[in-house]
Amino acid sequence: MDYPAGPRVRRISWSALILGAILALSVAGLRPPSPKSGTAPAAEFSAQRALNALHRVLQDDKPHPVGSPANEAVRGRIVDELTRLGYQPQVQTAFECGPYVSCATVNNVIARLDGAEGDPDSSDAVLLSAHYDSVPAGPGDSDDGTGMAAVLEIARALKNRPAPRHSIVLLINDGEEAGLLGARAFVDFHPWAKNVRAAVNVDDRGTSGPSILFETGSANDWAVRLFARHAKHPSSTSIAYTVYKQLPNDTDFTVYKAAGYQGLNFGYVDDETHYHTPLDNSANVNLASLQHHGENALPAVVALANADLQNLPQREAVFFDIFGRWLVHWDASRSLPASLIALLLLLAQIAWMIRNARLTPRELLWGMVGWLVTMVVTGLLAFIVERIVHIAGASPVDWVAYPLPVNVAFWSLALSVVTTHALVFAGRARFWGLWAGIWTWWALLAVIVSWRLPGMSYVLLVPACAAAIAGVAATASTREHTGGAGAGAAAAIAAIVPLAAGAIVGLAPALLFYSALGNRALVLIAILVALLCTPLAPLCSDLRGVPGLRGLAIPWLPILLTALALFVAIVVPAYSAKSPERVNIEFAQDADTGNAQWIVQPASGRLPEPLRLAANFRAAARGAAFPWDRHASFVSDAPHLDLAPPTFTILESSEADGRHNYRTLLRSERGAPFAAIFFPPGSDAQSVRMGGQPIPAVTPEMRGYFNGWAVYACPAMPPGGVEIAFSVPVGATVEVSAADQSFGLPAEGAFLANARPLTATPSQNGDVTTVTRRVQLLP
């Protein structure tokens, strides 16, 4: 006899309500806390007070890259702020070279709050860090003006609290955007650096959103435990920590980790379209995000400064927040045993059901095949749809102006596939076949991920454990699951509890993926959402034969929603004045030939119509504008201007051990702030030093970024130039290129800057004027 339709409908209805409630709580949990006013207690962090400090320091919303007069002015105002707060700030000046093969003179602002224990000059210390320089294209109010303001407000609050056990070093560093140079200069040269044991870094890759703990030191179990005890609104996941280690992205915390510091790195990532553009300005500073920064960093640095910093346990943690209120964590080494136990318990339950004829091996097999087909089909369909969306012009860049429709499309696509396949396989697998097949896969994957990537394991492990525990009552029952209300209730618990557990731990990361990775994450989002929804399959199977519901809601509603969302995503514009496309314009002149050209590089690879009409642009092959440039560009002839080219003078040369050693001088004769020397592929330049400092070897990734060329840059070129020493093989003729670059276009390029539409903006270095020349190094 079939289980009555009413309870079956109620089970899926309750599941939908529970998922909806968890989704709403997950969205709410990603909202930063309300900002505190300037009248908040003196010992607390106030976003309004931090914002006031930000306005006093940045004032005019102008870019202030390393080495610029604006950078010097900002630095002076930071020193004034710390002095007003009762500190004795110092400016550390050093010439530093970084892993991005750039070198510059940086000026860090450093102050210290002495601890209550030990000699401040020799005892352990904790570092609180942010950077104050910006990219040349934007004023950097959020990257990293809000980080700088948070450090200043925390410095003020610390003066109103009891002295911590250990000293706290306040570092507001320079040259982060030029290659993490300020952080490296502190670690390499400042005497206080040797005493630092842990660091808290504050940085941003957007202008809004929650302040996320996205990176930690390698021995993070103890640091995460401290943070969990003291954070009011924790937003964190060890998935971010695991993924970030695989990405080519760096912050100052990368330098601190390399120096052996433990600690925590915070940042927010929403509104990425403002990042490194003129829109990273005071108007787009988000007070709630700034408050969240402070409520994370202040208790974190205080907790670390009062902790035992000797003999730190070298353990990693698995961690995640629940609705932005609680941080759950455990030793990562426990994930694999826990996943094995969950798998064994599930297999024992499945064996018991087969032994008691509650489940047949054929049904189990169909359940496992159904899960696998669902995930594979989701991935394939998501990939195809993503390609269609891209070709249709809805995702020409990684982040679009209106991302909600495309996100809804891929979420509902995943739900459509899950519900469709649940009905397709329900006739062969039935309720328990689907349940057993799904959770067998989940438990197997939990074991594999716990073994290889423990930081990501909790998304699989927590629901698998919930299924293993919740299924005990139902699977141990001697009654058929269709045989009575008791059995039906137990089956509902076995299905709904792990479904809810998966949603609690998995929906927040799914919501964050787009902000973190943009359109590149759409396929991944669909796969993750499908994974989280597969536990719905047994409940959906209950609806087979229920009059009206199968055709009405399962799966036609999510299919219709997918189609509607895709239509909206394709129709709405990809850019807006608030979320523009990144389009840089460059004037480039070859001093050897005298040829000059306008170069436009749109992020989408498509030239905006107003710029196309402004000049006779033609599409250029990659490397046509410059041999080291791998980006698509559009070029047009430009007038020759009287611009002095850079000079690359050989000061000294010698031979030894089959190498030709050179000491040279690179100088911008027109006073451009940026200059670089480019070695072609195969030139085998080694032992490169700039300003007397060794430059790390060029990585394959950096060579790939420059079409195989090795580039050595000085983003803050001194008036007298900079010495560069290197060696190349004896007997080889090497033709290097020297280039200098000033920010902004010459007056003759004003017509192009004016033609750029409101839906486009300069970014990173922005519009530039570049002059190049070639120099042969003869054997």
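The mean accessible area for residues of the chain, using a 1.4 Å probe and ignoring ligands and nucleic acids, is 39 Å² per residue.
Label separation (His55 vs Gln246): 4.5 nm, computed from points 7 Å beyond Cα along the C-beta direction.
Computed about the Cα centre, the dipole magnitude for the chain is approximately 3180 debye when only Lys and Arg (+1) and Asp and Glu (-1) carry charge, each at its Cβ.
Modelled spin-label separation between Thr83 and Val572, with each label point placed 7 Å from Cα along the Cα-to-Cβ direction: 5.0 nm. Taking amide H as placed 1.01 Å from N in the peptide plane, the amide H of Ala199 sits under 5 Å from that of Leu127, Gln262, Gly263, Leu264, each at least 5 places away or on another chain.
Of the DSSP beta bridges with both residues in the chain, give the percent that are antiparallel, rounding to the nearest 5. Around 75 percent antiparallel, to the nearest 5. Taking only protein heavy atoms and a 1.4 Å probe, the accessible area of the stretch 202-347 is 56% carbon and sulfur.
What does the net charge come to around Gly324 if you take all other residues with beta carbon closer than 13 Å to its beta carbon, with K and R at +1 and D and E at -1? With Lys, Arg at +1 and Asp, Glu at -1, the net is +1. For the chain, the list of Cys residues with no other Cys C-beta under 4.7 Å reads Cys465, Cys533, Cys540, Cys714. For the stretch 75-114, the carbon plus sulfur part of the accessible surface works out to 46%, probe radius 1.4 Å. Extension gain for Leu758-Arg618 works out to 48.2 nm (0.36 nm per residue, less the C-alpha to C-alpha distance).
The ratio of the alpha-carbon radius of gyration of the stretch 122-270 to the globular-protein estimate 2.2 N^0.38 Å is 0.99. Among complete DSSP H helices in the chain, those whose alpha-carbon atoms stretch at least 15 Å along the helix's long axis and whose mean Kyte-Doolittle hydropathy reaches 0.5 are 5-29, 146-158, 287-305, 335-355, 361-391, 404-452, 458-476, 485-517, 522-533, 556-571. Measuring only protein heavy atoms, the 1.4 Å probe finds Ile650 accessible over about 80 Å².
Under the combined filter of DSSP loop state and at most 15 neighbouring Cβ atoms within 10 Å, the stretch 115-213 retains these GluC sites (Glu not before Pro): Glu117.
Seen from Phe587, the other residues with C-beta closer than 9 Å to its C-beta sum to a net charge of -3, counting Lys and Arg as +1 and Asp and Glu as -1.
Binning the C-alpha pair distances of the chain at 10 Å intervals from 0 yields a P(r) profile of 3, 13, 20, 21, 19, 14, 7, 3, 1, 0 %, listed from the shortest bin outward. The apolar share of the surface of the stretch 635-744, taken as the fraction of accessible area on carbon and sulfur atoms (1.4 Å probe, ligands and nucleic acids excluded), comes to 53 percent.
The values are calculated or read from the model by the stated rules, or taken from the named source; none is laboratory data. Please read all numbers here as calculations on a predicted model, not as lab measurements. A quick note on method: Cβ atoms are made from the backbone with ideal geometry, for glycine too, and the neighbour counts reach across all protein chains shown. Side chains are part of the model used for accessible areas, which takes the heavy atoms of the whole protein and leaves out ligands, DNA and RNA. Shrake-Rupley method; radii C 1.70, N 1.55, O 1.52, S 1.80 Å.
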